[in-house]
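Colleague: Please read through the structure below; I'll follow up with questions.
The values are calculated or read from the model by the stated rules, or taken from the named source; none is laboratory data. Values in this document were obtained by computation on a predicted structure and should not be read as measured data. Note that we place each Cβ from the backbone using ideal geometry, even for glycine, and neighbour counts take in every protein chain shown.
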Amino acid sequence: MQFSERISRISVSSTAAVVQKAEKLRASGTDLVDFGAGEPDFPTPERIKQAAIEALSRNLTKYTATGGIAELRRAVVERHAKDFGSAYAPEECLITVGGKQAIFEAIAATVNHGDEVILPSPYWVSFLDIINYAGGKAVILPLREEENFTLRAEDVEKLLSPKTKLIIVNSPNNPTGGVVPPEEMEKLLALARRRGVLLMSDECYCHFLYDGRKPFSLGSSGEREHLILVGSLSKTYAMTGWRVGFALGSQKLLANMLKLQSHSTSNPTSFAQWGALEALTGPQDSVRLMREEYERRRNRIVAGLRAIPGLQCTQPAGAFYVYPNAAHYLNQNGLGNVTALAEQLLEKAGVALVPGPAFGTEAHFRISYATSQERIDEGLRRLKAFFASL
Ligand SMILES: Cc1ncc(COP(=O)(O)O)c(C=O)c1O
């Protein structure tokens, strides 16, 4: 069987690969500290689960409108307006099967063969594969670790060419936890407008900001033509398995994304949408409680990692990841590269994490601290012992 040229341009998400490997070890009885999975350890709040159960009881189990139930589209724009001061109409919202589908559809609907897409690195692994699948060319912008991986519009501008179609920004960032300051986001949008390109802002972690930072979205700018926002309920409400996300943008772009959705998944699962409606319209204290807990965990894990001699660790301002640099250890004891280091950590120390090449850098690894403080402490203890033994 000869597979398509298109499919050969991409590979299985390496974060998914780590999760699978960790799962196998766990099944064989290994006591694993799992820093690999990029998902909240909290259960979905009860009120959201009850709303979905009620939807099932009411037989809301049929196809819905492809772009999502009207109630949910309205709830998304109203929540976004409340949280960020935006003013989207329900027709400017598309409900998708997770934020990932919105990203896939937006790239597929806009990027032609040979078009360039500016992608700051470290980047979330799927951006690159989706760009490649669409036939686009990712133009990588390496961010400086010394500057906390902060994205600057002037650096993006230097990479723009007549072939640039799209700029991708993800703040708070997976995998670094870096946050782009609002002034810089505004400069990026001004640049996109001036140069006639589209800016995609992935806001999947927008509620997890620390040290008193205020939630911010470019949605408040009123821009439609040059901006597409991607959001998700996965992290905000601990709903990763529900698969509900959304896009906010111009009706023209959304109509083209909807075409793809209508021929692939059709609507996101009906009762998951009813659960999502409760998530967005009910009390929001679960979001605050999760944010506060993530901030405590961040403080604990960063302090612990910084106490390991030779590891460098920037201070993440959001999301639930840290991205330490292990360059100091890589050429010791024949370890060679960070992927080999991650494999040894898994096999010898029982710690699962994702090596940096998945995110475009060679000497880092990503730790997801969406796990209990007790597991964080155990993981730190194992990391410390492992690095001391090298
Ligand atoms: C940066 C980023 N964007 C988008 C997503 C997609 O999440 P979902 O499809 O679950 O909404 C993820 C998930 O890990 C992510 O890390």
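Colleague: Only one of Phe320, Phe387 is under 20 Å from Ser14 (Cβ atoms) and touching a residue at least 40 places away in the same chain (Cβ under 8 Å); which?
Modeller: Values: Phe387 fails: under 20 Å from Ser14 (Cβ atoms).
Selected residue: Phe320, the only one of Phe320, Phe387 that is under 20 Å from Ser14 (Cβ atoms) and touching a residue at least 40 places away in the same chain (Cβ under 8 Å).
Colleague: While we're here: Give the residue, chosen from Ser232, Ser221, that is surrounded by 15 or more Cβ atoms within 10 Å (Cβ to Cβ), in contact with a strand residue (DSSP E or B) (Cβ under 9 Å, 6 or more places away or on another chain) and more than 15 Å from Phe104 (Cβ to Cβ). Even if it seems obvious, please write down each step before you answer.
Modeller: Working: Ser232 fails: more than 15 Å from Phe104 (Cβ to Cβ).
Residue meeting the stated conditions: Ser221.
Colleague: Return the only residue of Glu39, Glu71, Glu54 being assigned to a helix (DSSP H, G or I) and closer than 17 Å to Val97 by Cα.
Modeller: Among Glu39, Glu71, Glu54, only Glu71 is assigned to a helix (DSSP H, G or I) and closer than 17 Å to Val97 by Cα.
Colleague: Return only the number of the condition from (1) surrounded by fewer than 22 Cβ atoms within 10 Å (Cβ to Cβ); (2) over 18 Å from the mean Cα position of the chain (by Cα) that Lys100 does not satisfy.
Modeller: Just one mismatch for Lys100, condition (2).
Colleague: Taking the condition of being within 16 Å of Asp31 (Cα to Cα) and of a type in the set (Phe, Trp, Tyr), how many residues in region 317-358 meet it?
Modeller: 0
Colleague: Being within 21 Å of Glu78 (Cα to Cα), more than 16 Å from the ligand (Cβ to nearest atom) and small (Gly, Ala, Ser) narrows it down to one of Ser250, Ser234, Ser262, Ser266, so name that one.
Modeller: So the residue among Ser250, Ser234, Ser262, Ser266 that is within 21 Å of Glu78 (Cα to Cα), more than 16 Å from the ligand (Cβ to nearest atom) and small (Gly, Ala, Ser) is Ser250.
Colleague: Now for a separate question. Anything in region 81-93 that is touching a residue at least 40 places away in the same chain (Cβ under 8 Å) and of a type outside the set (S, T, N, Q)? List them, or say none. Explain how you work it out, then say what you get.
Modeller: First pass over region 81-93, keeping only residues touching a residue at least 40 places away in the same chain (Cβ under 8 Å): 83-88, 91-93.
Answer for region 81-93, where residues must be touching a residue at least 40 places away in the same chain (Cβ under 8 Å) and of a type outside the set (S, T, N, Q): Asp83, Phe84, Gly85, Ala87, Tyr88, Glu91, Glu92, Cys93.
Colleague: Kindly provide the set of residues from region 20-54 that are basic (Lys, Arg) and exposed (fewer than 13 other Cβ atoms within 10 Å of the Cβ), ordered by number.
Modeller: Lys24 - this is the single residue of region 20-54 that is basic (Lys, Arg) and exposed (fewer than 13 other Cβ atoms within 10 Å of the Cβ).
Colleague: Something else now. Mind listing whichever residues of region 113-139 are among the small types (Gly, Ala, Ser) and touching a residue at least 24 places away in the same chain (Cβ under 8 Å)?
Modeller: Passing the criteria: Gly114, Ser121, Ser126, Ala134, Gly135, Gly136.
Colleague: Further, regarding this structure: Conditions first: (1) in the same structural domain as Leu199 (by TED's automatic domain parsing); (2) within 16 Å of the ligand (Cβ to nearest atom); (3) not β-branched (Val, Ile, Thr). Arg73 passes all but one, so which condition is the exception?
Modeller: (2)
Residue by residue, here is whether (1) under 26 Å from Arg375 (Cβ atoms); (2) touching a strand residue (DSSP E or B) at 6+ places or on another chain (Cβ under 9 Å) holds:
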residue	(1), (2)
Gln261	no, yes
Arg291	yes, yes
Asn299	yes, no
Arg306	yes, yes
Gly318	yes, yes
Leu335	yes, no
Leu346	yes, yes
Ala352	yes, yes
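Colleague: To continue, here is another question. For region 126-184, which residues satisfy the criterion of being over 25 Å from Arg194 (Cα atoms), of a type in the set (A, V, I, L, M, F, W, C) and either assigned by TED's automatic domain parsing to the domain that holds Leu353 or more than 20 Å from the chain's Cα centre (by Cα) (or both)?
Modeller: Scanning region 126-184 gives no hits.
Colleague: Of the residues Ile130, Ile140, Ile168, which single one is within 24 Å of Pro215 (Cα to Cα) and either of a type in the set (A, V, I, L, M) or within 12 Å of the ligand (Cβ to nearest atom) (or both)? Break it down stepwise before answering.
Modeller: Working: Ile130 fails: within 24 Å of Pro215 (Cα to Cα); Ile140 fails: within 24 Å of Pro215 (Cα to Cα).
Testing whether each residue is within 24 Å of Pro215 (Cα to Cα) and either of a type in the set (A, V, I, L, M) or within 12 Å of the ligand (Cβ to nearest atom) (or both) leaves just Ile168.
Colleague: Determine which member of the set Thr96, Thr110 is in contact (Cβ under 8 Å) with a residue 40 or more places away in the chain and within 16 Å of the ligand (Cβ to nearest atom).
Modeller: Thr96
Colleague: Just need a number here: residues in region 297-321 that are among the hydroxyl-bearing types (Ser, Thr, Tyr) and either at positive phi or within 16 Å of the ligand (Cβ to nearest atom) (or both). Show your work before the answer.
Modeller: Step one: filter region 297-321 for residues among the hydroxyl-bearing types (Ser, Thr, Tyr), giving 314, 321.
Subset that is either at positive phi or within 16 Å of the ligand (Cβ to nearest atom) (or both): 321.
Counting residues in region 297-321 that are among the hydroxyl-bearing types (Ser, Thr, Tyr) and either at positive phi or within 16 Å of the ligand (Cβ to nearest atom) (or both) gives 1.
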